[in-house]
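Read-outs throughout are calculated quantities, based only on the coordinates presented, and are distinct from any laboratory measurement. The shown structure was predicted, so the numbers you read here are calculated from the model rather than taken from an experiment. Note: ideal-geometry Cβ built from the backbone for every residue, glycine included; neighbour counts use all protein chains shown.
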Amino acid sequence: MSGPPIVLLPLASHGDGRGNLVAVEAGDGLLPFEIRRVYYIYGVPEGQARGMHAHRRLRQLMIAVAGRVDVVLDDGCGRSEVTLDDPAVGLLIPPMTWREMTWFSPGAVCLVLASELYDESDYIRDYDDFRRFTKNDSGA
Ligand code: T46
């Protein structure tokens, strides 16, 4: 069964002889949410996966600002895979989407722009619970 659509947002990169700069600004119309939190993940040991949860409300934009990160998204009906390796491209992750970051290249840095403050009660960390919630949502 096919998985959720992979929505990649191109980010304007200002490049010149000195390198590149990407800015994401409140009100610039890029994101379908206001940014309330920023975090980043780095120093991930080779072969170490992260994520393995879904969020009830949280929306996020994930950017591999250095290196490569492989991501799996699962909406309860199927799984989609995407590789992030361009600092000028962000992956939009909607609510009720199970995410697994299955591979980080050495030195990878994963930046996340998030729509909500950190809230542990927003996490669904058990895959069977997630499947139950998505089934109920679809009325199945
Ligand atoms: C997500 C994926 C992509 C905080 O204190 N504040 C924060 O804002 C976050 C995100 C985490 N934490 C603490 C909670 C844990 O003690 O940092 C620790 C590691 O968090 P977690 O195990 O949830 O990390 P990941 O990489 O599995 O998941 C994270 C985000 O939590 C999650 O929302 O979508 O990155």
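Going by the conditions given, is I35 of a type in the set (A, V, I, L, M), within 20 Å of G3 (Cα to Cα) and over 10 Å from the mean Cα position of the chain (by Cα)? Let's see the steps before the verdict.
Working: of a type in the set (A, V, I, L, M): yes; within 20 Å of G3 (Cα to Cα): no; over 10 Å from the mean Cα position of the chain (by Cα): yes.
No; evaluated as a whole, the condition is false for this residue.
Anything in segment 10-46 that is in a loop (DSSP other than H, G, I, E, B), in contact with a strand residue (DSSP E or B) (Cβ under 8 Å, 6 or more places away or on another chain), exposed (fewer than 14 other Cβ atoms within 10 Å of the Cβ) and without any contact (Cβ under 8 Å) to a residue 60 or more places away in the chain? List them, or say none. Result: A23, single match.
I'm trying to understand the selection: among the residues of segment 84-112, which are farther than 23 Å from R36 by Cα and within 11 Å of the ligand (Cβ to nearest atom)?
Once the filter is applied, which keeps residues that are farther than 23 Å from R36 by Cα and within 11 Å of the ligand (Cβ to nearest atom), segment 84-112 yields only F104.
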